[in-house]
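Student: Take this structure, written in C-alpha cells, and hold onto it; I'll ask about it next.
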C-alpha cells in the first residue's frame, strides 16, 4: 500500500508513537510524508523529531512545492518569512491532487477539508488528537478530472 501522512497536527501530536508506527509501516508499505511547507523545511522538522527518510518514509511531498511546480499562484507573506500561501480552493484541493498523482491508498491528516476532493481510490483517515477515524473513500463517485471539469 501507499500511505501519505501529514506532519503538523499528526506526527507532531505524538512523535514517539508515530516514529514507531512509521518504522513498522515503512517495512511493508510505501510511506510518503505529505505536508504543506517546502520539502527542506519538512525534512528538517522530521529530523528534529527523530524521523528520517529511508528509515521511516520514502519521500516528502510538499504541498507548496507541488503547487509551484503545477504553476499555481503561491506567495510568501511576509517576504523572506518562509510562510507560503495559496488561495483557499487551490490549497484545500492540493492533497487530493497529490493523492491522485501519487496513487495513494490512504491519506492521514488532521484537516477534514482535504477529504472533500479526495479520489475514490484513496481512503481518508482523519487524525484527531490521538484518534484516527476513516471518513470516506473520496467524496463522490466522480473522478478528480470530472471534478476539475465541473
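Student: So between residue 105 and residue 27, what do we pick up on full extension, going 0.36 nm a residue minus the alpha carbon distance?
Tutor: 26.5 nm
Student: Which ordering of 6, 69 is given by a fewest-first count of other beta-carbon atoms within 10 Å?
Tutor: Ascending number of Cβ neighbours within 10 Å: 69, 6.
Student: When the chain is fully extended, how far beyond the present Cα-Cα distance does residue 13 get from residue 116, taking 0.36 nm per residue of separation?
Tutor: Taking 0.36 nm per residue and subtracting the Cα distance, the gain is 34.8 nm.
Student: For percent of Cα pairs over 27 Å apart, one of [x] 18; [y] 37; [z] 71 was computed from the structure I shared and the rest are decoys. Which label?
Tutor: It is the one labelled [x].
Student: So for the pair residue 58, residue 90, with labels modelled 7 Å out along Cα→Cβ, what separation do we get in nm?
Tutor: 2.8 nm
Student: I want to check the label-to-label distance for residue 131 and residue 76. Put each point 7 Å from Cα in the C-beta direction and report it in nm to one decimal.
Tutor: 4.0 nm
Bear in mind that the values in this text are calculations on the coordinates, not laboratory data. The model shown is predicted, which means the values in this text are computed figures rather than measured ones. Heads up, the Cβs are rebuilt from the backbone with ideal geometry, glycines too, and the neighbour counts pull from every protein chain shown.
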